[in-house]
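One structure is given here, and the rest of the page talks about it.
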Amino acid sequence: MSPNSDSILSQEFSRRTALKALFGAASAAVLFGLPARAHAAEASKETTDKLNAAQAQLDEVQAQLDSIANEYAALANKNAQTLNDIENVQGKIDDTQAQIDEKKAELKKKRNDLSDRVAASYKSGGTNILSLLLASGSFEELVANAHYVEKINKSDRDAIEDIQTIQEELDAQKTELESQKADLEKLKDQQTAQMQDMQAKQQEVQTVLNGLSDDVKELMAQRDSEILAAAQAEEAARKAAAAAAAANKNNSYSGGSSSGGGSYAPGTPQQNAGSGKQQAVVNACYSTPSPGQNWCAAWVTNVFRNAGVGYFGGNACDMFNAWCYSSDRSALQVGMIVADSSHSGTGAPGLIYGHVGIYVGGGIVMSNEGAITSKSLDSFISFYGTGSGVRWGWLGGVALS
């Protein structure tokens with residue numbers, strides 16, 4: 001998705017680290033499911049309502065921008081067809097003009113040949129035709145010879161008339177084709193003007209969208225701050241309750257030692273379901289907030305940094321190309337990133353940057369889609385695998401298991 005900004009990530013680091021620690025402390029260790037919280041810290045209803053309203057408005061404007069983009073694409077396709085039509089008509093005009101030139105040359109030759117014969121006849125005193133007629137031995141032969149002379153003249157006249165007729169038809173055809181081309185040129189100009197208007201409108205809507213996106217990010221930051229404050233209060237209360245419980249236990253038991261290892265109720269997720277690093281990444285997935293729309297790679301980077309694994313920058317496509325090497329489901333492990341380098345489902349950002357999430361077990365992939373979402377692996381692949389396909393691997397080559 002959108003490129004990471006290291007300055008923004010560094011500004012968010014301390015708050016997210018604190019959130020991660022607090023949420024991790026309030027959560028049961030779990031590898032294949034949601035961490036069980038005694039009580040999830042929440043932001044105020046006013047902030048939540050404002051954020052929801054801003055997000056809804058952002059989604060509405062984004063839908064408007066997507067609609068403009070789709071209309072522009074459709075118009076661009078029509079314009080491309082118009083350009084093809086103009087090219088085809090111009091080809092027909094060129095072919096017709098070549099035929100006209102050919103007929104003009106043929107007509108000129110016929111006329112020159114006829115002129116040469118007439119001139120030659122005059123120069124010889126017309127003796128060829130006259131001698132042909134005078135040489136007739138009888139009236140019947142005279143009539144036949146005269147008919148022959150007339151037939152020769154008519155053949156020349158007919159040939160010239162045929163060529164003139166064809167030339168006139170070709171001239172009319174060329175005029176019609178040029179009229180078609182003029183209409184297509186006018187249509188092309190109209191489509192170009194429409195596309196320019198749509199581009200201007202697209203810029204206006206994009207400006208509005210950017211402003212709304214900033215509002216949403218500010219409200220997200222406010223929400224995170226309120227969650228942090230609430231979580232700190234809850235953590236303080238938990239520690240106080242734990243201290244009180246320990247004091248009561250010490251009062252109830254003198255000497256002796258605890259059984260060690262902590263209690264385990266059947267069905268409770270345990271830390272030994274996977275490595276500590278895998279568990280830390282899963283916990284960080286649930287405690288790391290969204291950095292905003294189109295910042296999926298930034299969220300993944302924050303999760304791994306909050307989990308103490310390390311810092312790995314780059315876009316989703318960078319992570320895909322560098323670290324996602326497998327599409328074998330039997331090789332998929334908890335804590336691996338799951339990504340594509342290009343997909344069509346989210347428009348230009350998805351086509352250019354792709355999308356990346358983290359596998360948290362149980363067939364679930366978590367990712368930042370503006371809000372942190374949990375999708376089944378099948379759903380994730382179905383949506384994000386429309387372009388480059390979806391693959392997975394260890395981010396930074398660091399095997400967590």
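Observations
- Search result, residues across segment 302-321 that are of a type outside the set (Phe, Trp, Tyr), outside any loop (DSSP other than H, G, I, E, B) and out of contact with any Phe, Trp or Tyr (no Cβ under 6 Å at 6 or more places or on another chain): Asn302, Val303, Asn306, Asp318, Met319, Asn321
- Test result for Lys109, assigned to a helix (DSSP H, G or I), modelled with pLDDT of 85 or more and either closer than 30 Å to Asp162 by Cβ or open to solvent by less than 90 Å² (accessible area, probe 1.4 Å) (or both): no
- Among the residues making up segment 335-345, those that are open to solvent by less than 10 Å² (accessible area, probe 1.4 Å) and part of a loop (DSSP other than H, G, I, E, B) are Gly335, Met336, His343.
- Tabulated pairs, segment 203-219, first over 10 Å from Val61 (Cα atoms), second open to solvent by 80 Å² or more (accessible area, probe 1.4 Å), C-beta under 6 angstrom, 6+ apart or interchain: Leu219/Lys50
- Filter result (touching a helix residue (DSSP H, G or I) at 6+ places or on another chain (Cβ under 7 Å) and surrounded by fewer than 20 Cβ atoms within 10 Å (Cβ to Cβ)) within segment 346-360: Gly347
- Filtered by the rule that a residue be in contact with a His (Cβ under 6 Å, 6 or more places away or on another chain) and within 13 Å of Leu395 (Cα to Cα), segment 295-353 gives a lone residue, Ala316.
- Every residue from segment 354-401 that is among the β-branched types (Val, Ile, Thr), over 21 Å from the mean Cα position of the chain (by Cα) and not in a loop (DSSP other than H, G, I, E, B): Ile358, Val360, Ile364, Val365, Ile372, Thr373
- For Ala80, the stated conditions hold: it is at pLDDT below 85 and open to solvent by 40 Å² or more (accessible area, probe 1.4 Å).
- Residues that are in a loop (DSSP other than H, G, I, E, B) and either over 16 Å from Gly385 (Cβ atoms) or open to solvent by 20 Å² or more (accessible area, probe 1.4 Å) (or both), drawn from segment 322-334: Tyr325, Ser327, Asp328, Leu332, Gln333, Val334
- A single entry from Gln232, Gln203, Gln199, Gln180 fulfils the requirement of being modelled with pLDDT of 85 or more and open to solvent by 60 Å² or more (accessible area, probe 1.4 Å): Gln180.
- Here Glu168 fits the description: of a type in the set (Asp, Glu), at pLDDT 80 or above and within 17 Å of Thr96 (Cα to Cα).
Rundown of residues vs (1) farther than 30 Å from Ser388 by Cα; (2) modelled with pLDDT under 85; (3) open to solvent by less than 20 Å² (accessible area, probe 1.4 Å), yes/no style:
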{"residue": "Ala245", "(1), (2), (3)": "yes, yes, no"}
{"residue": "Ser258", "(1), (2), (3)": "yes, yes, no"}
{"residue": "Gly261", "(1), (2), (3)": "yes, yes, no"}
{"residue": "Gly276", "(1), (2), (3)": "yes, no, no"}
{"residue": "Thr288", "(1), (2), (3)": "no, no, yes"}
{"residue": "Ala298", "(1), (2), (3)": "no, no, yes"}
{"residue": "Thr301", "(1), (2), (3)": "no, no, yes"}
{"residue": "Gly308", "(1), (2), (3)": "yes, no, no"}
{"residue": "Ala316", "(1), (2), (3)": "no, no, yes"}
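The values are calculated or read from the model by the stated rules, or taken from the named source; none is laboratory data. This is a predicted model, so every value here is computed, not measured. All Cβ positions, even for glycine, are placed from backbone atoms using ideal geometry, and neighbour counts span all protein chains on display. With ligands, DNA and RNA removed, areas are computed over all heavy atoms of the protein, side chains included. Shrake-Rupley method; radii C 1.70, N 1.55, O 1.52, S 1.80 Å.
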